[in-house]
Every structure is written in C-alpha cells, then in structure tokens.
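Quick notes on the structure that follows.
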Amino acid sequence: MGEVGCGKSHLMQAAVVQARSLGQSAVFAHGAVPDVVSVIAVDDVEVLDDAAQIALFALYNRVRESGGMLLVSSVSAPAHLNLRDDLRTRLGWGLVYQVHALNDAEKTQALEQHGQARGFYPAVRGDALSVASRTA
C-alpha cells in the first residue's frame, strides 16, 4: 500500500520480472484479475468492480491452495479499502507493507547506490547527479 507515485507498481513489476528470470510463470495486471500462474501481481485492487472482486477472491483461494504467490497493491491497507468483506479480510491475512515515496535526498542516495553496484562512480554537484565510469 502507499500513495500514488511511490513505486508500488514498479516494485510489483520487478517481482514479476525476477520470478520469470527464475523460471516461474508470472503475470502483472493493473486493475484486472488474471488467470492463475505461480506469481501474480494485481495492481490497484481498489479500482476493481464487483465482478473483478469476486474473481480476485476466487483467485486468492486458488493461489493459496496451489502454493503460489499473490501480490496486490492499493492506496491503503486492506482493512480500509472499499472491497467486499470476504476479499478485504483475505487480503488482510497476508503481510501488509507500506511503501513511502522517496524525497530528493533519498532519490539521490538510491541512484548513487544503484550506480555503485553497477561499477559507476557518482558525484553529486548541486541539484544534478553526474555519473562517471570508474574505468574512464
């Protein structure tokens, strides 16, 4: 859960890419309910209509029985969503994390760490982040 623009969708898409890189079947869906696969990410569950909520409830149960993984995102915790009671309680059974948007300083730090992990040396000058290769 988290505010719009904090990176929930990006994190879920990354989880799907990682699962696929490990040979698992995985799918990302935005505001829709896909078929069952090993890893399912459903973004923005708060926009699902009644039929989609029923489908997500059924999907939750199938994933739980099969040992798969279901990731969902929303703007608030499951207990505070305007969803069917059965779906809201099921989603509340799992782990719930709040994703916070990064401020400018945290974005700079994240870019520096990401660059360093890939062999680049970042240097911050004023409001700009310039990156120079260590090998240059």
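No lab work stands behind these numbers, since they all come straight from the coordinates. Since the model is a prediction, treat every value here as computed from it, not as a measurement. For neighbour counting, all protein chains shown are included, and Cβ atoms are generated from backbone atoms with ideal geometry for every residue, glycine included.
Quick notes
- Approximate shape of the stretch 1-125 as ellipsoid semi-axes (Cα gyration tensor, √5λ), whole Å, largest first: 31, 18, 10
- A79-F120 FRET efficiency (beta carbon distance; Förster radius 30 Å; 0.05 resolution): 0.10
- The GNM of the chain, with springs linking C-alpha atoms under 10 angstrom apart, assigns the highest mean-square fluctuation among D44, D85, D104 to D104.
- In order along the stretch 91-97, phi translates into HN-Hα couplings of 5, x, 5, x, 6, 10, 10 Hz, rounded to whole numbers, per the Karplus curve 6.51 cos²θ - 1.76 cosθ + 1.60 with θ = phi - 60° and x for Gly and Pro.
- For the stretch 92-109 versus the stretch 1-34, the gap between their alpha-carbon centres in whole angstrom: 15
- Ranked for footprinting exposure by Cβ neighbours inside 10 Å, fewest first, V27, V72 give V27, V72.
- Crossing angle, helix 50-66 versus the chain [Cα axis fit, 0-90 degrees, rounded to tens]: 80
- Helix 8-21 axis versus longest C-alpha principal axis of the chain: approximately 90°, rounded to the nearest ten.
- Acute angle (nearest 10 degrees) that the helix 104-117 long axis makes with the longest principal axis of the chain, alpha-carbon atoms: 80
- Model label points for T89 and V4, set 7 angstrom from Cα along the Cα-to-Cβ axis, are 3.2 nm apart.
- Kirkwood Rh in Å, taken over the stretch 51-119 so that all alpha-carbon pairs contribute: 14.7
- Structure remark: mean-square fluctuation, Gaussian network model of the chain, C-alpha springs under 10 Å; the largest value among S21, S73, S38 belongs to S21.
- Per-residue extension of 0.36 nm, minus the Cα-Cα distance of V96 and E46, leaves a gain of 16.5 nm for this segment.
- Theoretical gain in end-to-end length, V36 to L111 [0.36 nm per residue, Cα-Cα removed]: 23.5 nm
- Order of L95, L22, L59 - criterion: other Cβ atoms within 10 Å of each residue's Cβ, fewest first: L95, L22, L59
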